[in-house]
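The structure appears below as structure tokens.
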Amino acid sequence: MSLDDLQDGQTAVLDGYDAALSGAWRRRFEDLGLLPDTPVRRVRRAPLGDPIAFEVRGTLLCLRHAEARLVRVRK
Amino acid sequence: MTPVAAGKDQGVIALVGTPNSGKTTLFNALTGLRQKVANYPGVTVEKKEGWLTAAADATRVVDLPGLYGIDAHTPEEMVAEDLLRGRDRYDHPPTALLVVLDGSALERSLALLKSMLELGLPTAAVLTMADEIKARGGRLDPAALSRELGIPVEAVIGHRGIGIDEVRALAATWRSWPKPSASARPLTPAERYAWAGAIVERSLGTNLKEHTLTRKIDRWVLHPVAGPFLFLSVMTVFFQSIFSWAKPVMDLLGALIERFGGFAGRMLPEGVLQGLVVHGVIHGVGAVVAFLPQIMILFFLLFLLEDVGYLARAAFLMDRVMGFAGLQGRCFVALLSSYACAVPGIMSTRGIPSPQDRLATMLVAPFMTCSARLPVYALLIGAFVPDRPVLGPLRAPGLALLGLYLAGSFSALAAAWLFRRTMLAGDITPFYIELPPYRFPTFRSIFMAMADRAKLFVRRAGTVILGVSVLTWVLLNVPRLPDVPGDMPPAVQADRQMRHSLAGRIGAGLEPVFRPLGFDWRINVALVGSFVAREVAVSTLGQIYAVSDDGEDAAGLKRVLQEGKDPATGRPLMPVASALAMLAFFVYALQCVSTLAVLRRETNGWKWPAFAFAYMFACAWTAGALTHWLAVRWGL
């Protein structure tokens, strides 16, 4: 499953990235702390649907559905 | 930025930290240099520098843009990476690194610290937001953290000024900071975070609780219904207060300038000098300076919203709206800054990773209602929109102003949409944005930033506006018409002189171009001057109508606009339809030399500034003509 499949308040553990995400962007997301085995909790999405706020390592990070789909997670 | 002479024994300390880590507050404290501080990721777009106040010898402090890692993704991060890796063409690499650790995002800060340690430079760290760790049930001893990291660590609480002296003292000793051994190969982010995680675990011991206050506030601020409602309320209050709070101070300033003009008029002998000083200098510059209170309120509110962390939420709420235009939430920040001034707005696009997004944002940023339009809007709205309540506390002038702001904003989005679908088509690049914890605003830094803006505004009034104002006065009075003997009223004579002058001829020559907008030669004169800087229109109208006005009292440009009659024909000087067309013209036209200059610098050439000027002029002319036509049809 991907980060995009989470419901509000659900937590999952990051597994890896979809190959569609370029190397440079993958690197940026890793610099932001989105690394394998990191717990990620979906907080809520914006009123108009995009982006979605996630809690990662005590910070609030917002991604759009398009990027969240490229991040693989497990329960 | 002054290049550094190869001085003796000179040090360069680079301040490094994640975005929004309190780095800029620290920079201000270390150097005493004034600079904008804000609770929004990506405010420092250029590296800024100052001199360390505590050091005996010359030590420079460079404030770098916030970083998440050393590999640059955006033009602004490139500035930091180039300097840190010694690739900056204009500057030496730093001799020491002061890394700012954000207590509210400690792991990420430590991961960044690790990549800085890999550079092998003398390094020390400053822990900011230590109070937030405490609020979340943790305790972090800087001494223990220092032992863990093997480098000196000081803790500060920026908004209360705690620990600042210690950091100053620490910075002065940069030569004795430990120099970590450069690692053989760069670590991966996973390895850095593993290192950071272990340190956090050992030095904090316990898991931090959630940032409960921020979460509680966000439950409302980001709520699907309450969130947008609050956003619109904030924006409405924002624009309403610009008008209502400023009014008493503006009236006072206006009266003072008036009296000063009268005083100068009495002190000087009648003649050319008196005219130049009273009309060219005092009324010209005064007409613009009178709007200082409104501009201060605009900046105060903008800085306040940034500082408490609301602007990042606004970007979160607005991202989808920007998405309709093919842009992203980050562009919203640049566009919002453009409400103050398009120049910093265009510069802050350096934080936008996608080149197409960036260029589209730069090309539409001048549509956002900048503070230089405010004097023109305020004057025309004040004269032509009756001050009556419309809805509860909302009054007609405030709503009219809000309408002009909305017109500019929606046009910017529409233009961006068009560009992103035609000449700037391209992939949508990944998007991320961070929402910082809510913080108590640092009023000291807000007021410092406001004072900076006030200084810039007054300096502008004293140089550009003064220059254009004096030049306009000269052009309005040269060549002189021979005195006509007889009983012609002075007002008619003055008006004939202006029409005969160089400026009057230019204005009359432009009449065919602007006739569909309902502009006569007088308005055209004001328009020509305003292409240097928009607010010049106010001072030029002041000069023209003060001269046109019957009688001694040059007071109340507003009243002249409302009631003034063409001395020769007896028709209104500023018909309502022309005033509305002028407002529409100012919503769209790119009348600002500084904006053109910054566009040229950021795009490396005249092609894009020329394009922006041309398409915005076309929009402005069309909007003005349409407004005039509609207004006349409706019998205004």
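The values are calculated or read from the model by the stated rules, or taken from the named source; none is laboratory data. All values reported here derive from a predicted model rather than from experimental measurement. Heads up, the Cβs are rebuilt from the backbone with ideal geometry, glycines too, and the neighbour counts pull from every protein chain shown. Each accessible area value is taken on the protein alone, full model and side chains, heavy atoms only, with ligands, DNA and RNA left out. Shrake-Rupley method; radii C 1.70, N 1.55, O 1.52, S 1.80 Å.
Tabulated results
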quantity	calculated
Fraction of the pair-distance distribution of the protein assembly as shown above 38 Å, Cα-Cα pairs, percent	43
Other-chain or far-sequence residues with amide H under 5 Å of A:Arg45's (modelled H)	A:Ala53
Interchain or long-range residues, amide H under 5 Å from A:Val73's placed H	A:Ser2, A:Leu3, A:Asp15
In the A-B interface, the accessible area buried, summed over both sides, Å² (probe 1.4 Å)	3300
B:Val289 - accessible surface, heavy atoms, 1.4 Å probe, Å² rounded to 10	40
Unit Cα scatterers, Debye sum, chain B: log10 I(q)/I(0) for q = 0.09 Å⁻¹	-0.80
Charged-residue dipole, Cβ positions (Lys, Arg, Asp, Glu), chain B about Cα centre, Debye nearest 20	500
Shielding by partners, peptide A:59-72 (average Cβ within 10 angstrom, other chains)	5
Peptide B:432-440 - average C-beta neighbours from other chains (10 Å radius)	4
Burial ranking of peptide ranges B:414-423, B:367-376 (average Cβ count within 10 Å, highest at the top)	B:367-376, B:414-423
Cross-link pairs beyond the 18 Å C-alpha cut-off, checked among B:Lys23/B:Lys48; B:Lys23/B:Lys216; B:Lys23/B:Lys179; B:Lys48/B:Lys607	B:Lys23/B:Lys216; B:Lys23/B:Lys179; B:Lys48/B:Lys607
Residue-by-residue Karplus 3J(HN,Hα) for the stretch B:597-611, coefficients 6.51, -1.76, 1.60, Hz, glycine and proline x	5, 6, 5, 5, 5, 6, 10, 6, x, 8, 4, 6, x, 5, 4
Between 0 and 90°, nearest 10: helix B:75-84 axis offset from chain B longest Cα axis	40
Chain B - percent relative contact order, Cα under 8 Å, separation 6 or more	12
Packing rank of B:120-129, B:266-275, where each peptide gets the mean count of other beta carbons within 10 Å, highest leading	B:120-129, B:266-275
Span from the the stretch B:301-323 Cα centroid across to the the stretch B:249-266 one, whole angstrom	39
Surrounding net charge for B:Ala194, when Lys and Arg each add one and Asp and Glu each subtract one, Cβ distance under 15 Å	-3
Value of Rg/Rh across the stretch B:452-574 [Cα atoms, Kirkwood radius]	0.99
Theoretical ellipticity at 222 nm over chain B - DSSP helices of four or more residues, -39500 (n - 2.57) apiece, nearest 500	-17500 deg cm²/dmol
Cα-Cα P(r), chain A, percent of pairs per 5 Å interval	3, 18, 30, 30, 14, 4, 0
About the Cα centre, charge dipole magnitude for the stretch B:129-262 (Lys/Arg +1, Asp/Glu -1 at Cβ), debye	260
Solvent-accessible area, 1.4 Å probe, carbon plus sulfur percent, for the stretch B:170-304	70
Listing of the stretch B:105-123 residues, each with accessible area lower by at least 40 Å² in the full protein assembly than in the chain alone (probe 1.4 Å)	B:Glu107, B:Arg108
The stretch A:3-74, accessible area per residue, ligands and nucleic acids excluded (1.4 Å, Å²)	37
Rounded if a/c under 1.5, otherwise prolate or oblate - the stretch B:11-209, Cα gyration tensor axes	rounded
Peptide B:310-316, shielding by other chains (average Cβ, 10 Å cutoff)	3
Chain B - share of DSSP beta bridges that are antiparallel (%, nearest 5)	30
